[in-house]
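Trainee: Sharing a structure with you now.
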Amino acid sequence: MFMRIDHVGIACHDLEEKIAFFERTFDLRVVARETNEEQGVKEAMLHIADGEGGGSYIQLLEPLGPDTPVGKFLAKRGEGVHHVAFGVPDVAEAMREIGGRGVRVLDAEPRHGTLGSSIAFLHPKDMGGVLTELVQAPDTGDAAP
Ligand code: CMX
Ligand code: CO
């Protein structure tokens with residue numbers, strides 16, 4: 001079901017400062033910057049590698065306000081790893097299958113993620129304390145295998 005690690009999401013107070021740190025320290029490159037009002041974040045994706053099912057990234061997240069998932073996380077825990085995101089071939093199917101195994105799926109329907117992806121979250125309390133995201137890469141128009 002999980003094809004790869006799509007990204008690791010890291011919560012930070014200052015997106016530009018954290019981007020500069022990752023660029024100069026790890027030679028990573030920003031491939032997308034977006035504001036996602038629905039998720040309450042300003043974010044950047046830094047490219048790590050390409051694989052068969054799609055790329056893998058570090059996602060840096062700055063909250064749009066204190067009353068957002070990342071804003072609340074920062075207030076409670078400070079900066080650090082916020083979630084792990086797995087690439088799946090079909091997010092709606094993965095939500096159904098995993099939900100049917102007793103894990104709370106936080107989204108009723110897939111939502112819009114970075115770079116045209118479709119995403120959904122699994123409750124950290126049902127995932128060993130790790131907020132977990134499912135990511136279906138955007139349809140590139142290529143024939144599905
Ligand atoms: N990782 C692990 N545990 C987390 C967590 C996280 N990121 N966020 C919250 N928790 C824990 C809290 O520590 C708390 O545990 P305790 O009760 O033991 O203290 C519990 O979950 C409830 O936390 P809360 O602060 O009361 O927060 P809420 O219940 O209001 O919300 C969550 C938690 C996971 C349901 C909410 O953050 C959510 O819906 N997240 C999904 C959306 C999201 O995170 N979007 C931003 C990223 C967007 C992207 O990747 O594109
Ligand atoms: Co994410």
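Here, each number is a calculation from the coordinates, and none is a lab measurement. All figures in this text were calculated on a predicted structure; none of them were measured in a lab. Ideal geometry is used to build each Cβ from the backbone, glycine not excepted, and the neighbour counts take in all protein chains shown.
Trainee: Taking a virtual spin label 7 Å from the Cα of Ala92 along the C-beta vector, which residues in region 100-117 bring their backbone nitrogen under 18 Å of it?
Mentor: Flagged as within label range: 100, 105-113, 116-117.
Trainee: List the lysines whose alpha-carbon lies under 26 Å from that of Lys18, not counting same-chain residues fewer than 8 positions away?
Mentor: Output for Lys18: Lys42, Lys72, Lys76.
Trainee: Got the relative contact order for the chain handy, in percent, Cα pairs under 8 Å and 6 or more residues apart?
Mentor: Reported as a whole number, the value is 24 percent.
Trainee: Further question on the same structure: Would you compute, from DSSP H runs of 4+ residues alone, the mean residue ellipticity of the chain at 222 nm, taking -39500 (n - 2.57) per run and dividing by the full residue count, rounded to the nearest 500?
Mentor: Roughly -6000 deg cm²/dmol at 222 nm, from the helical runs in the chain.
Trainee: Under a plain spin-label model, where a point goes 7 Å from the Cα along Cα-to-Cβ, how far apart in nm are Ala108 and Ala75?
Mentor: Taking the simple label geometry, Ala108 and Ala75 are separated by 2.6 nm.
Trainee: Here's another thing I want to ask about it. Among all stretches of the chain without exposed GluC sites (Glu not before Pro) (DSSP loop, at most 16 other Cβ atoms within 10 Å), which one is longest?
Mentor: 80-145
Trainee: Could you calculate the contour length gain from Ala49 to Arg33, that is, 0.36 nm times the residue separation minus the distance between their Cα atoms, to one decimal place in nm?
Mentor: Extra length available between Ala49 and Arg33 comes to 4.0 nm.
Trainee: Could you state the number of Å between the C-alpha centres of region 98-130 and region 4-59?
Mentor: 19 Å
Trainee: A further question follows. Order of 54-65, 106-117 by packing, highest average Cβ count within 10 Å first?
Mentor: Those peptides, ordered most packed to least, come out 54-65, 106-117.
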